[in-house]
Structure formats: C-alpha cells, structure tokens
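Contents: one structure, followed by commentary.
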Amino acid sequence: MSRLSDITAALPVPAATFLAWMEFQKGASEATVEAYAVDILEFETYLRGMGASLEKPSEITKSMVQGFSASLFRQGMARSSMARKLSALRSLFRHLLRLHKIDSDPCAGVRNPKQDQRHPAMLNVDQVFSLLDEKPEEKSAPPSSSTPANADETFRLRDMALLELLYGSGLRISEALGLDVNDVRPESGHVQVMGKGSKERIVPLSDTCRDALSRWLAVRDRVPPVHGERAAFLGRRGKRLDRRQAARILEERAAEAGIPQHISPHDLRHSFATHLLEGGADLRAVQELLGHSRISTTQRYTHLNLDALTRIYDAAHPLAQKSEKKS
C-alpha cells in the first residue's frame with residue numbers, strides 16, 4: 001500500500017470520500033491529495049482527543065477548528081503551514097456542505113494567521129551558470145543507445161536534462177517528472193505539460209535544454225524500464241524518477257558547483273521567473289509560462305525587479321547621487 005492509502009484508511013468515511021473526489025473528480029495530483037490527507041488526519045487526531053470525530057461532521061463546530069488552530073500555534077508551527085492546514089479543512093467542509101452532509105461550515109469566519117513576508121528563494125545568474133555548466137570532460141560527442149554503456153555518464157545526462165528543463169522552462173517538479181517519453185520532442189522547440197488542476201499548457205524550450213534533452217533521450221534505452229515504464233526521466237531501477245531522487249540530484253549538483261545555500265527544485269522555477277522579469281519580460285507572459293491561474297501569484301517575483309531598479313536608480317540618477325554626497 002502507498003502512504004496515501006495508509007492515511008486514507010485511517011480516516012473516517014466522509015474525509016476519505018473527499019480525498020477520492022479530489023483525486024478522481026477534481027484531478028489533483030497524488031502529492032496534493034497526500035498533503036491534504038496528512039493535514040486532515042492531524043485534525044481528526046485533535047478531534048478524537050476532544051471526544052469528537054469527522055465520522056459525524058455535522059457535530060464539528062467553529063470553536064473546534066479555532067482550538068485546532070490554537071494548538072498548532074502553541075506547537076510553534078510556521079504560519080504558512082498553519083494556513084495550509086486550515087485551507088485543507090475549508091476544502092473538506094465546503095465539499096461536505098455541497099453534498100448536504102453538514103448544514104453550516106465550521107471554518108466560516110476562522111481567519112488564517114497573519115503571514116510573515118517571505119520572498120521566493122532563488123539563485124543568481126552566476127550560480128545558475130555554475131549549476132548547469134558542463135565540465136570540459138563532460139562535453140564529449142553525443143552518445144547513443146548503441147554506445148557502450150557507462151552508468152555514471154548515462155545518469156549525468158539525465159540529471160542535466162532535468163535541471164535544464166526545471167530552470168530553462170520553469171516547470172514545477174511534478175510537471176517535469178510527470179512527462180512521458182512520448183511527450184518530449186526536443187526538435188519541436190516546446191513541451192506540453194499537465195499543470196495544476198489538469199490544465200495543459202505549452203512551454204518553450206531553450207536551445208541548451210533542447211540539446212540536453214536530446215542527449216538524454218538518445219541513451220534513455222540504456223536504463224531498462226520496469227514493466228514498460230514510459231516516464232521521460234527514469235531512476236536507476238527503471239521506475240519513474242520521484243521527487244526525493246530529483247531533490248538529491250539537485251543537492252549533489254549544487255555541491256559540485258560550490259553553491260553554499262540549500263536549494264530545491266522549486267527554487268529553479270523561482271529563479272526562472274525572476275530572471276525573466278529582470279530581463280524585461282512582461283508579467284502576463286511570465287504568468288502564462290508558469291501556469292499561474294492568478295496574476296497575484298506571479299507578482300510575488302516583482303519585488304526582485306524593484307530591488308534591481310532601485311540599484312540602477314541609486315547608481316545613475318543625478319538626484320540620488322547628490323543625496324548620497326550630502327549624507
């Protein structure tokens with residue numbers, strides 16, 4: 001059984017039914033459904049300590065939800081994590097309300113904790129070049145499936161193709177790992193991905209990304225797929241590469257490149273968006289490339305543009321220079 005199945009089995013029927021609806025009707029990814037399941041199970045554990053349960057959702061009150069939120073605060077949980085858990089509960093109770101399983105929403109009027117101002121993590125351009133720059137010994141002639149197999153070389157090509165795709169096209173890690181081999185045709189200059197909410201979008205490929213993908217696909221057959229696995233990115237055992245493996249690949253490459261801070265696959269997406277905006281890209285265009293449904297989500301990156309503009313202003317504007325001299 002998968003971890004999601006184990007968690008679902010521990011939940012009352014109303015909650016388990018909601019999770020099934022999310023996965024099969026709404027089209028949410030398994031990672032999203034699992035995150036909701038973990039949060040709802042935590043709430044169910046809290047309720048049982050109070051002699052209540054989601055088995056009888058109509059008996060859940062607003063004060064119970066507020067008490068759960070207060071208990072998370074006392075545990076010292078990050079405000080963003082608290083907000084995510086409350087969001088999961090809101091989705092659950094809205095679903096139950098639509099099905100007439102409850103008469104009122106116990107989450108109504110329960111506010112999220114005030115969030116700390118956080119900006120997306122990112123790499124600067126030099127760090128990205130260091131991360132993606134191949135060493136001279138790595139820039140050999142393009143191999144093929146007929147070339148004598150070298151496991152280290154094969155997976156190095158896979159790793160470079162994945163990292164080029166995450167940064168060069170700004171894909172979510174779930175989107176990149178969800179690609180099948182037939183979805184990736186580097187010669188077309190773009191890739192079609194399945195985003196959040198089962199929304200498809202077409203994303204262009206950079207020249208270096210096209211080259212990296214071509215080199216990896218030329219040797220992909222060196223990795224025997226398990227049961228006809230069609231994933232574009234395979235792990236060493238022939239199964240679809242998973243998130244943990246992808247994160248480890250990035251950590252190892254970042255260490256080789258001398259990047260001091262911890263970075264995640266999603267940080268490459270943040271860097272992609274920020275560098276586009278700093279290069280003068282239109283906010284709406286970046287929104288489309290990222291697959292954001294709301295422009296406000298993309299606007300998180302504009303503060304970095306403002307920082308760059310301020311530096312330019314301070315360095316070049318006559319009044320800014322005069323003000324600096326007076327001080």
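Has region 52-60 got any residue that is touching a residue at least 12 places away in the same chain (Cβ under 8 Å), part of a helix (DSSP H, G or I) and assigned by TED's automatic domain parsing to the domain that holds residue 86? Within region 52-60, one or more residues are touching a residue at least 12 places away in the same chain (Cβ under 8 Å), part of a helix (DSSP H, G or I) and assigned by TED's automatic domain parsing to the domain that holds residue 86. Residue 226 meets each of the listed conditions (1) out of contact with any strand residue (DSSP E or B) (no Cβ under 6 Å at 6 or more places or on another chain); (2) crowded, with 16+ Cβ neighbours inside 10 Å; (3) of a type in the set (A, V, I, L, M) apart from (2).
Summed over region 207-250, residues that are free of Cβ contacts under 8 Å to residues at least 12 places away in the same chain and closer than 21 Å to residue 125 by Cα total 1.
What residue, of 250, 213, 217, is assigned to a helix (DSSP H, G or I), surrounded by fewer than 20 Cβ atoms within 10 Å (Cβ to Cβ) and out of contact with any His (no Cβ under 8 Å at 6 or more places or on another chain)? Explain how you work it out, then say what you get.
Numbers: 250 fails: surrounded by fewer than 20 Cβ atoms within 10 Å (Cβ to Cβ); 213 fails: surrounded by fewer than 20 Cβ atoms within 10 Å (Cβ to Cβ).
On inspection, the qualifying residue turns out to be 217.
Against the numbered list (1) modelled with pLDDT of 85 or more; (2) loosely packed, with under 14 Cβ neighbours inside 10 Å; (3) outside the structural domain of residue 16 (by TED's automatic domain parsing), residue 111 comes up short only at (1).
So in region 146-186, with the set limited to residues that are part of a helix (DSSP H, G or I) and acidic (Asp, Glu), which one is nearest to the chain's Cα centre (by Cα)? Working first, answer last.
Let us first name the residues in region 146-186 that are part of a helix (DSSP H, G or I), namely 151-168, 173-177, 181-183, 186.
Restricting the remaining residues to those that are acidic (Asp, Glu) gives 152-153, 159, 164, 175, 183.
Values: 152: 27, 153: 27, 159: 18, 164: 16, 175: 8, 183: 20 Å.
Checked region 146-186; the qualifying residue nearest to the chain's Cα centre (by Cα) is 175.
Pairs meeting the criteria (first residue in region 163-179 and in contact (Cβ under 8 Å) with a residue 40 or more places away in the chain, second residue of a type in the set (Ser, Thr, Tyr), beta carbons under 6 Å, at least 6 apart or on different chains) are 164/208; 168/206; 174/29. Inspection of region 67-83 finds no residue satisfying the criterion of being more than 28 Å from residue 177 (Cα to Cα), part of a helix (DSSP H, G or I), at pLDDT 95 or above and aliphatic (A, V, I, L, M).
The values are calculated or read from the model by the stated rules, or taken from the named source; none is laboratory data. Owing to the predicted nature of the structure, the values given are computational and were not obtained by experimental measurement. Every residue, glycine among them, receives a Cβ derived from its backbone with ideal geometry; neighbour counts consider all protein chains shown.
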